[in-house]
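Encoded as structure tokens, the structure appears first; notes follow it.
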Amino acid sequence: QVQLVESGGGLVQPGGSLRLSCAVSGRTFTTYHMTWFRQAPGKEREFVATIDWNSGSTFSADSVKGRFTISRDNSKNTVSLQMNALKPEDTAVYYCAARDGGWSPATYEYAYWGQGTQVTVSS
């Protein structure tokens with residue numbers, strides 16, 4: 001089993017920044033990806049950014065490129081999402097998820113999920 005716990009959400013004004021963290025514990029895999037998804041009210045959960053735990057290579061959705069940065073700290077077993085230049089449309093519950101193997105933008109490919117953390121961008 002893998003346990004994921006997100007933190008760092010909150011209320012921020014447009015143009016502001018937030019940093020989300022996801023603490024990872026439990027079993028680990030030979031190769032796996034950690035991915036951030038988000039779900040806005042009335043919308044489907046969508047891919048935000050992913051990182052290969054071993055190589056550190058990353059990929060982000062076009063909607064957040066240049067504004068959001070995903071990173072990992074192997075020594076602390078955490079994955080972070082630095083969010084800058086936030087917009088009202090970034091308002092959502094943000095989830096981290098773990099997948100054994102290559103990355104995927106499909107939520108059904110992920111067996112392990114955190115509980116989510118709310119991010120609200122509003123003036």
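The values are calculated or read from the model by the stated rules, or taken from the named source; none is laboratory data. Values in this document were obtained by computation on a predicted structure and should not be read as measured data. Positions of Cβ are generated from backbone atoms using ideal geometry, with glycine treated the same way; all protein chains shown enter the neighbour counts. Keep in mind that these areas ignore ligands, DNA and RNA; they rest on the heavy atoms of the full protein, side chains included. Shrake-Rupley method; radii C 1.70, N 1.55, O 1.52, S 1.80 Å.
Some notes on this structure:
- By a 1.4 Å probe calculation restricted to protein chains, W53 has an accessible surface near 20 Å², given to the nearest 10.
- The mean sequence distance of close C-alpha pairs (under 8 Å, at least 6 residues apart), as a share of the length of the chain, puts its relative contact order at 36 percent.
- Binning the C-alpha pair distances of the chain at 10 Å intervals from 0 yields a P(r) profile of 14, 51, 30, 6, 0 %, listed from the shortest bin outward.
- Cα gyration tensor category, rounded, prolate or oblate, for the stretch 1-45 with a/c compared to 1.5: prolate
- Between K87 and G15, the built amide H atoms are under 5 Å apart, and every one of these is 5 or more places off in sequence or on another chain.
- Linear extension gain, N54 paired with Q82, 0.36 nm per residue minus alpha-carbon span: 8.1 nm
- Loop-resident sites, the stretch 30-123, for GluC sites (Glu not before Pro), counting at most 13 other Cβ within 10 Å (DSSP): E44
- Think of each Lys and Arg Cβ as +1 and each Asp and Glu Cβ as -1; about the Cα centre, that makes the dipole of the stretch 9-102 roughly 140 debye.
- Inter-label distance, Q115 to Q39: 1.5 nm, where each label sits 7 Å from its Cα along the C-beta direction.
- In Hz, Karplus ³J(HN,Hα) per residue of the stretch 18-24 (6.51, -1.76, 1.60; θ = phi - 60°; x = Gly, Pro): 9, 10, 9, 10, 10, 8, 10
- Residues R67 and D100, FRET efficiency given R0 of 35 Å [Cβ-Cβ distance, rounded to 0.05]: 0.75
- Accessible surface of F68 - all protein chains present, 1.4 Å probe, nearest 10 Å²: 10
- The residues packed around S17, meaning those with a beta-carbon under 13 Å from its beta-carbon, carry a net charge of +2 if Lys and Arg are +1 and Asp and Glu are -1.
- With at most 11 other Cβ atoms within 10 Å, longest stretch of the chain clear of loop trypsin sites (Lys or Arg not before Pro) (DSSP): 77-123
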